[in-house]
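Have a look at the structure below before the remarks.
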Amino acid sequence: MIEGTAVLTARDRVVRVRTLLLLRWLAILGQLTAILFVGVFLDFDMPLAACLGLVALSAWSNVFLRVKFADNRRMTEGWTAGVMAFDIAQLAFQLGLTGGLTNPFALLLIAPVMVSATTLSASRTFTLGALVLLSATMLVVAHEPLPWYSGEHYSPPFLFIGGIWLSLVCSLIFMGSYAFRVSEENRQLADALGATEIILQREQNLHALDGLAAAAAHELGTPLATILLVAKEMERELDPESPLAEDVALLRSQTERCRQILGQLKNLGEDSDSPLVRLNVRTLIEEVAEPHRGVGVEIDVVLQGDMGDQPVVARNPAIHYGLGNLIENAVDFAETLVRITATWSEERLTIVISDDGPGFADDVLDRIGDPYVSRRGEDQRGGGMGLGIFIAKTLLERTGATVTFEARGGATVTVTWLRRTLRAMLPERH
């Protein structure tokens, strides 16, 4: 039920140029400070000119990016990955000139991967991680001595360097995976909330049409009254035998009909007892279930409660869309039957939607309602249970409902409201 909704998805990840350039300037400043501190202040032996040349290369690359991309633009994923690959290579060369993995700053090799994990796709992050792993492995065997006091040489044992390599790899895998997973969940949640807001806005726009209709009726009332008055005057003045008499009578009758229709539009939404404003549970369920009938699955509606005390609910787009989406998913996965059972008491109203399909898989039952949870058993006929279920649950909970999911010989969704909550949503009677 969300076809056509424009949502920024994980495939559209981009990075703001200003943010990326700021991070790179901070890295450049950090490298420059470390090099000058070690080479000038501590006066350690090191290839100072080559190290400063690599820093200058990074600085000029930042200037190039600033000229190529506007400050407020968003850099594409390909460009961002390329820039991060350049940063990894630049830092690897820098470390190669200053001790390889024995350099305390070797841990910074994983920084671009962390940035990638929070902004780019899994494939790009994996590629950058592989580049870091390759660079770290090469630095184990190919590097200049660690800068040290003049005439002295610091050379830790190979086993120690291997331990640093292993810790770097473990940190890369753990921190990269964790950052990517957390960021992915946040992106999916943002996408789902965006889709929810768009759908709510559409429903609210439709709901606002009654106010537009009332305004139009008010504006058209005066000219129609004038037309009706002129038509009556013409009808009185014309000879009943005149060939125009019948036409004038028709004009008057149709004008009166227009006034009646506009009168109904003008009162649209003002009649608190109108089915356009409030409806009982049976009508609510039939309205949301009707679009899903006739697709080869029987929809059985069962009402359990005192029919004289049948709950009345306000016509609410969130309730209609939420229940409709749950019914649609039940129909998608059902074999032959979807049963909708409405039960009420003095305190609460409960609507249970169950089907005879494969039910919920154990590994997703406790995560249903999260965005993009997309499997129900092994059956894929319905296209999964992902964003639609999240939106339905979110909308219904906004109306005060409690939504629970169970696997009882199929899938069962229970939606419960306190009746005082439903009564509070009803418009006052005029």
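The values are calculated or read from the model by the stated rules, or taken from the named source; none is laboratory data. Owing to the predicted nature of the structure, the values given are computational and were not obtained by experimental measurement. We place every Cβ from the backbone using ideal geometry, glycine too, and count neighbours over all the protein chains shown. Please note that ligands, DNA and RNA were not included when accessible areas were found on the heavy atoms of the full protein model with its side chains. Shrake-Rupley method; radii C 1.70, N 1.55, O 1.52, S 1.80 Å.
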Looking at Leu189, Leu166, can you tell me which residue is part of a helix (DSSP H, G or I), modelled with pLDDT of 85 or more and at negative phi? Leu166
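Yes or no, residue by residue, for (1) surrounded by 17 or more Cβ atoms within 10 Å (Cβ to Cβ); (2) under 24 Å from Val140 (Cα atoms); (3) within 35 Å of the chain's Cα centre (by Cα):
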| position | (1), (2), (3) |
| --- | --- |
| Val15 | yes, no, yes |
| Gly30 | no, yes, no |
| Phe37 | no, no, no |
| Met46 | yes, yes, no |
| Ala49 | no, yes, no |
| Arg74 | yes, no, yes |
| Ala85 | yes, yes, yes |
| Thr98 | yes, yes, no |
| Leu101 | yes, yes, no |
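Among the listed residues Thr33, Thr5, which satisfies the condition of being at pLDDT below 90 and polar (S, T, N, Q)?
Values: Thr33 fails: at pLDDT below 90.
Going through Thr33, Thr5 in turn, just one is at pLDDT below 90 and polar (S, T, N, Q): Thr5.
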Select from the range 51-66 the residues that are open to solvent by 40 Å² or more (accessible area, probe 1.4 Å), of a type outside the set (D, E, K, R) and more than 25 Å from Thr98 (Cβ to Cβ) and list them in ascending order. Phe64
Tally time: how many residues in the range 327-343 are open to solvent by 10 Å² or more (accessible area, probe 1.4 Å) and not acidic (Asp, Glu)? 7
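In the range 284-304, what count of residues is obtained for those that are more than 31 Å from the chain's Cα centre (by Cα) and either part of a strand (DSSP E or B) or under 16 Å from Ala318 (Cα atoms) (or both)? Spell out how you get there, then give the answer.
Filtering the range 284-304 for residues more than 31 Å from the chain's Cα centre (by Cα) gives 294, 296, 298, 300-304.
Subsequent filtering for residues that are either part of a strand (DSSP E or B) or under 16 Å from Ala318 (Cα atoms) (or both) retains 298, 300-304.
Result for the range 284-304: 6.
Is at least one residue of the range 178-188 among the β-branched types (Val, Ile, Thr) and more than 18 Å from Ala85 (Cα to Cα)? Let's see the steps before the verdict.
Residues of the range 178-188 that are among the β-branched types (Val, Ile, Thr), as a first pass: 182.
Those left that are additionally more than 18 Å from Ala85 (Cα to Cα): 182.
Checked the range 178-188: at least one residue is among the β-branched types (Val, Ile, Thr) and more than 18 Å from Ala85 (Cα to Cα).
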Pick from the range 240-290 the residues that are out of contact with any Pro (no Cβ under 9 Å at 6 or more places or on another chain) and polar (S, T, N, Q): which of them is modelled with the lowest pLDDT? Ser274
Do the conditions hold for Ala70, that is, is it of a type in the set (A, V, I, L, M, F, W, C) and modelled with pLDDT under 85? yes
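So is Phe69 aromatic (Phe, Trp, Tyr), out of contact with any His (no Cβ under 8 Å at 6 or more places or on another chain) and open to solvent by less than 20 Å² (accessible area, probe 1.4 Å) or not? Spell out the reasoning first.
Details: aromatic (Phe, Trp, Tyr): yes; out of contact with any His (no Cβ under 8 Å at 6 or more places or on another chain): yes; open to solvent by less than 20 Å² (accessible area, probe 1.4 Å): yes.
Here the answer is yes, as Phe69 does meet what is asked.
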Condition first: open to solvent by 70 Å² or more (accessible area, probe 1.4 Å) and hydrophobic (A, V, I, L, M, F, W, C). Now tell me which residues in the range 134-174 satisfy that. Leu134, Met138, Val141, Trp148, Phe158, Leu159, Phe160, Trp165, Leu166, Cys170, Ile173, Phe174
Which of (1) farther than 24 Å from Ser167 by Cβ; (2) within 33 Å of the chain's Cα centre (by Cα); (3) surrounded by fewer than 18 Cβ atoms within 10 Å (Cβ to Cβ) is the odd one out, the single condition Phe41 does not satisfy? (2)
Residue check for Val113: more than 19 Å from Trp165 (Cα to Cα) and crowded, with 19+ Cβ neighbours inside 10 Å: no
Considering only residues of the range 118-133 that are buried (at least 19 other Cβ atoms within 10 Å of the Cβ) and touching an Asp or Glu at 6+ places or on another chain (Cβ under 9 Å), which is modelled with the highest pLDDT? Arg124
